[in-house]
Amino acid sequence: MSVLKSKVKVALIQFASGLPEKTVNFQNCKKFVAQAMKTQPATELVVLPECFNSTYANSEFRKNAEIIEYSSPSVKFLSDLAREHKITLVGGSIPELEPATNNVYNTCLIFDKTGQLIGRHRKVHLFDIDIPGGITFKESDTFSGGDTTTTVDTPFGKLGVGVCYDLRFPELATVSGRKGAFAMVYPSAFNTTTGPLHWHLLARARSVDNELYTILCCPARNPDLAYQAYGHSLVVDPQGTVVVEAGEGEEIVYAELDPARIEAMRSKIPVTVQTRFDVYHDVSSDAK
Ligand SMILES: NC(=O)CCC(=O)C(=O)O
């Protein structure tokens, strides 16, 4: 039996998220998801962008952070959306407040088609970069990093989850791949400096490394926002081929994931069973 139990239709909602008002982001998101379900009614898996409910800026993260409970506005919104359309929903990410520590995380929530929360991934690798003349961002000014990998059981099989910058760290995907994931999904918000450099390369690399699908969903570009999102939401197949890709503006990306494509790659170039963890196990040990 394949790691992907059956063909599954997906929709990536590249909308102009990140506006200051949560309720406006909710309304726009809802409209786009309804459109996706109308255009591709058999859609079973829907993905939203990173920080879909509020503005992607250090000045905004803590203000917008929510405790993860069904009564919180974004959790309720996502749960209701999944239930209404009977979809597995990878709910982008939202700033999460952990009340016990007062820490804020960049967190992806995953819901099943009944609206039940089935997974949570706290972005592990924080986006701290400095490219003079390009982009400087320091997520760690506000966010704390998560400390677990995330592989969620869905009706289609296991789904590995990362958030945006996590894409750059192959180990996260490798762990989910070894656990039997059929895809890695990354709600993202790359930008106009690093997107052209590495977006496709990284997505294709994660697919080829692990012979699974890689799914990236980014906000549409909005010239009015300080952070210029890259757009270009895409799906890469297990061979490393970009099967579908958005432009920069608002757009829904549709794809069908096929178990046969995973099996074909894994039988022709069987790296997933040839990996020599006995030789390079120090990657995950304390060895320096
Ligand atoms: N929000 C992010 O994590 C952005 C990551 C990014 O742009 C990158 O180049 O990596």
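Key figures
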{"item": "Any hit, region 191-213, residues being touching a strand residue (DSSP E or B) at 6+ places or on another chain (Cβ under 7 Å), buried (at least 18 other Cβ atoms within 10 Å of the Cβ), in a strand (DSSP E or B) and of a type in the set (Gly, Ala, Ser)", "result": "no"}
{"item": "Residue list for region 124-142, restricted to those being farther than 17 Å from VAL163 by Cβ and among the β-branched types (Val, Ile, Thr)", "result": "ILE131, ILE135, THR136"}
{"item": "Filter result (closer than 17 Å to VAL46 by Cα and in contact with a strand residue (DSSP E or B) (Cβ under 7 Å, 6 or more places away or on another chain)) within region 70-80", "result": "SER74, VAL75, LEU78, SER79"}
{"item": "Pick from region 34-67, criterion farther than 30 Å from ASN103 by Cβ and hydrophobic (A, V, I, L, M, F, W, C), ranking: surrounded by the fewest Cβ atoms within 10 Å (Cβ to Cβ)", "result": "ALA42"}
{"item": "Pick from region 113-137, criterion of a type in the set (D, E, K, R) and out of contact with any Leu (no Cβ under 8 Å at 6 or more places or on another chain), ranking: nearest to the ligand (Cβ to nearest atom)", "result": "LYS123"}
{"item": "Whichever residue in region 158-173 is outside any loop (DSSP other than H, G, I, E, B) and surrounded by fewer than 21 Cβ atoms within 10 Å (Cβ to Cβ) and, among such residues, is nearest to the chain's Cα centre (by Cα)", "result": "ARG168"}
{"item": "Verdict on THR154 being among the hydroxyl-bearing types (Ser, Thr, Tyr), in contact (Cβ under 8 Å) with a residue 40 or more places away in the chain and out of contact with any helix residue (DSSP H, G or I) (no Cβ under 9 Å at 6 or more places or on another chain)", "result": "yes"}
{"item": "Test: residue in region 60-71 that is over 20 Å from the mean Cα position of the chain (by Cα) and either at positive phi or within 16 Å of the ligand (Cβ to nearest atom) (or both)", "result": "yes"}
{"item": "Counted residues, region 227-283 - those being of a type in the set (Phe, Trp, Tyr), part of a loop (DSSP other than H, G, I, E, B) and surrounded by 13 or more Cβ atoms within 10 Å (Cβ to Cβ)", "result": "2"}
{"item": "Any hit, region 47-69, residues being closer than 21 Å to LYS158 by Cα and in a strand (DSSP E or B)", "result": "yes"}
{"item": "Contacts under 7 angstrom Cβ, first residue in region 14-40 being at negative phi, partner acidic (Asp, Glu) and assigned to a loop (DSSP other than H, G, I, E, B), 6 or more apart", "result": "GLN14/GLU250; PHE15/GLU250; ALA16/GLU250"}
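Yes or no, residue by residue, for (1) within 16 Å of the ligand (Cβ to nearest atom); (2) of a type in the set (Lys, Arg); (3) more than 17 Å from the chain's Cα centre (by Cα):
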site: PHE182; (1), (2), (3): no, no, no
site: ALA189; (1), (2), (3): yes, no, no
site: CYS217; (1), (2), (3): yes, no, no
site: VAL244; (1), (2), (3): no, no, no
site: GLU248; (1), (2), (3): yes, no, yes
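Residues are listed down the side, and each one gets a yes or a no for (1) under 20 Å from LEU12 (Cβ atoms); (2) in contact with a strand residue (DSSP E or B) (Cβ under 8 Å, 6 or more places away or on another chain); (3) free of Cβ contacts under 8 Å to residues at least 12 places away in the same chain:
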position	(1), (2), (3)
ALA82	yes, yes, no
ILE94	yes, yes, no
LEU97	no, yes, no
VAL104	no, yes, no
GLN116	no, no, no
GLY134	no, no, no
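FYI, it's all coordinate maths here, none of it is from the lab. What you see is a predicted model; the values in this text were computed from it and never measured. Using ideal geometry, Cβ is built from the backbone for each residue, glycine included, and neighbour counts are taken over all protein chains shown.
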